[in-house]
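The values are calculated or read from the model by the stated rules, or taken from the named source; none is laboratory data. Predicted, not measured: the structure shown is a model, and the values here were computed from it. Counting neighbours? That spans all protein chains shown, and the Cβs are built from the backbone with ideal geometry, glycine included.
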Amino acid sequence: MQVSKEEILHIANLACLNIKEEEIEEYRKNLQDILNFANIVNSVNTDNISETIGSTSNVNVFREDEINEFKDEALLLENAPDKENNMFKIPKVL
Amino acid sequence: MSKEDYEVVIGLEVHSELSTKTKIFCSCPTEFGGEPNTHCCPVCMAMPGALPVLNKRVVEYAIKAGLATNCSIAHVSKNDRKNYFYPDLPKSYQISQFDMPLCTEGYVEIETKDGPKKIRLVRIHIEEDAGKLNHDEYGRGSLVDLNRAGVPLIEIVSEPDMRSTEEVDSYLKKLKSILEYIEVSDCKMQEGSLRADVNVSVRKKGAKEFGTRTEMKNMNSFRSITRAIEYEAQRQIEVLENGGKIEQETLRWDEVSGKTFSMRDKEDAQDYRYFPEPDLAIINISDEMIDDIRKSLPEMPESRRERYVKELGLPEYDSNILTSSKYLSDLFENATKVCNNPKAVSNWIMTDITRILNEEEKEPNEIPFTAEQLGELVTLIDKGTISSKIAKQVLEELFKNPKSPQDIIKEKGWIQISDESAIKEVVLKILEANPQSIVDYKAGRDRALGYLVGQAMKETKGKANPQMLNKMFLEELNK
């Protein structure tokens, strides 16, 4: 499969990235390389091997529904660039 | 062509907050309200390196909802990432479920004017709620509160099976009542714990293909949902009648102007690039687990309704209203246990309690008094301790300042006068003051008796036993 310039622009837009015209070709090549690499995996014979749907072999890793409050509350907003009334302050939305 | 030539087609995606104690992927409390960012931790705030662990009860509750809505339960299920940017979503992806939801292919049966109808469900899946954006006081920026981020939700997706706002209304009411009955969500609309995305399209009656649909997101009251659908269907019909074309788009419903508006900035937003969530394990559900949950399901509204009609002799209509809410139904059953008078309890709920709830714009789950107190109130009437007129005052008092009705009537001095000599005294006094009524009565005007009893009730501030008054007036008049 060939990655097109339009696809790069679409993906960049979805990822909220501003990429310059001269960067498009570089990204296109990089993504193409990654896809080609993934295609090597596709060429492996998987007959008689059951499908996996997760990234690990773990199954049913659950937590009981018991409250455990996080103690270092002050730390949570410590690195916020801006805050007000214990909330993250960000550029105005809508 | 006019509106009557068109059919409206509606499908709903209902989001319901689950009433677990903790969030879906961390141990923070889900409690509504609280100071901003105090129910948070590195996981729900999306700090780098923090890892989610699934709350077992969320899975159980979703399966419970699936079983109560006749769904098939998956034996293998997984979580997926739904990618989009919005400041109330700290990870920039929502952990949801894409192609392997917990529940699929169910239905909810509703009553329509043409009889019962099945609204089919496509799926029920689990996901996390987003945070909340507030505006700062000078309007220069937005403030992010992540207390709600990570609160567990189930999303219940229907087929586009509804054809009118009445059907939408019954579907939502039914769904809400089911979720309340199985106790997986408290469905408090005003706290946003039940919200719906509404898909609307129109087509000419008899047409086989669906029209192009538009979507209105995040509606949180039954009334705005109904209004929005009516407006949007009419708008679409007008566009089509004028030779136009419906664009598939997301609209914003504006409650104040009563109109829908296009949200143009979301053109690319539908491309969510779902992929399997690598931080969470696969979910395997055994038949044994499904059976256990099935056994834990409580008696559902249909069965209660049937019991009320057949065993307690209540009218069908009353039984429907009583069972429409688990709170009302429980109130009815528990109060009946105390006073053993189902018809009286039902009447109180159907008339005065409903009226006060409507006046105060409250939902049944906000009734402040207990079922035992209501039962006691009915007992006091049945024993003749208070008249039903006084009982109404006691009920008002129960809403304001709930405590034992026995104590209320003692404090207020509202105990009914059933003492024969005291009643006789009042009767004689009223007769003396109303000679014309005696003449009228003797002339065959029965209404005069009612008037006299009314005057006696007024004289005693509603405390006289009305049966005794009646009897004694008759005795005196017929002397």
- [ ] Return the total of residues in the range B:319-369 being surrounded by fewer than 20 Cβ atoms within 10 Å (Cβ to Cβ), among the charged types (D, E, K, R) and under 16 Å from B:Glu302 (Cα atoms).
- [x] 2
- [ ] Among the residues of the range B:184-212, write down those that are surrounded by fewer than 15 Cβ atoms within 10 Å (Cβ to Cβ) and under 13 Å from the mean Cα position of the chain (by Cα).
- [x] B:Gln190, B:Glu191
Open item on the list: Any residue at all in the range B:291-298 that's at negative phi, among the basic types (Lys, Arg) and at pLDDT below 90?
Closed with: no
Task: Matching residues, the range A:70-86, being facing chain B (nearest Cβ under 7 Å) and either in a loop (DSSP other than H, G, I, E, B) or among the aliphatic types (A, V, I, L, M) (or both) - done: A:Phe70, A:Leu76, A:Leu77, A:Asn85, A:Asn86
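Per-residue answers, yes or no, for (1) touching a residue at least 40 places away in the same chain (Cβ under 8 Å); (2) more than 14 Å from chain B (Cβ to nearest Cβ); (3) assigned to a helix (DSSP H, G or I); (4) more than 30 Å from B:Glu35 (Cα to Cα):
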residue: A:Asn13; (1), (2), (3), (4): no, no, yes, yes
residue: A:Leu17; (1), (2), (3), (4): no, no, no, yes
residue: A:Ile24; (1), (2), (3), (4): no, yes, yes, yes
residue: A:Arg28; (1), (2), (3), (4): no, yes, yes, yes
residue: A:Gln32; (1), (2), (3), (4): no, yes, yes, yes
residue: A:Asn39; (1), (2), (3), (4): no, yes, yes, yes
residue: A:Asn45; (1), (2), (3), (4): no, yes, no, yes
residue: A:Ile53; (1), (2), (3), (4): no, no, no, yes
residue: A:Asp65; (1), (2), (3), (4): no, no, no, no
Task: helices (runs of 4 or more DSSP H) (entirely within the range B:405-479) containing at least 1 residues that are surrounded by fewer than 16 Cβ atoms within 10 Å (Cβ to Cβ) and within 44 Å of the chain's Cα centre (by Cα) - done: B:405-412, B:447-459, B:466-477
TODO: Among the residues of the range B:32-53, write down those that are facing chain A (nearest Cβ under 9 Å) and within 26 Å of B:Lys176 (Cβ to Cβ).
DONE: B:His39
Task: Any hit, the range A:87-94, residues being charged (D, E, K, R), part of a strand (DSSP E or B), in contact with a strand residue (DSSP E or B) (Cβ under 7 Å, 6 or more places away or on another chain) and more than 7 Å from every other protein chain (Cβ to nearest Cβ) - done: no
Open item on the list: Quick check on my filter: what residues within the range B:321-350 are within 18 Å of the chain's Cα centre (by Cα) and more than 16 Å from B:Arg307 (Cα to Cα)?
Closed with: B:Tyr327, B:Ile349, B:Met350
- [ ] Please name all residue pairs, on different chains or six or more residues apart, with Cβ atoms under 9 Å, provided the first residue is in the range B:275-294 and is at the interface with another protein chain (Cβ under 7 Å from one of its Cβ atoms) and the second residue is among the hydroxyl-bearing types (Ser, Thr, Tyr) and crowded, with 18+ Cβ neighbours inside 10 Å.
- [x] B:Ile282/B:Ser77; B:Ile283/B:Ser77; B:Asn284/B:Ser77
Open item on the list: Being touching a strand residue (DSSP E or B) at 6+ places or on another chain (Cβ under 7 Å), in contact (Cβ under 8 Å) with a residue 12 or more places away in the chain and within 14 Å of another protein chain (Cβ to nearest Cβ) is the requirement here; does B:Ile95 meet it?
Closed with: yes
Open item on the list: Looking at the range B:145-158, can you tell me whether even one residue there is more than 30 Å from B:Ala281 (Cα to Cα) and in a loop (DSSP other than H, G, I, E, B)?
Closed with: no
- [ ] For the range B:158-206, name all the residues that are under 26 Å from B:Cys26 (Cα atoms) and among the hydrophobic types (A, V, I, L, M, F, W, C).
- [x] B:Leu179, B:Ile182, B:Val184, B:Cys187, B:Met189, B:Leu194, B:Ala196
Open item on the list: Checking the conditions here, which among B:Val151, B:Val168, B:Val144 is crowded, with 16+ Cβ neighbours inside 10 Å and away from every other protein chain (no Cβ under 14 Å)?
Closed with: B:Val168
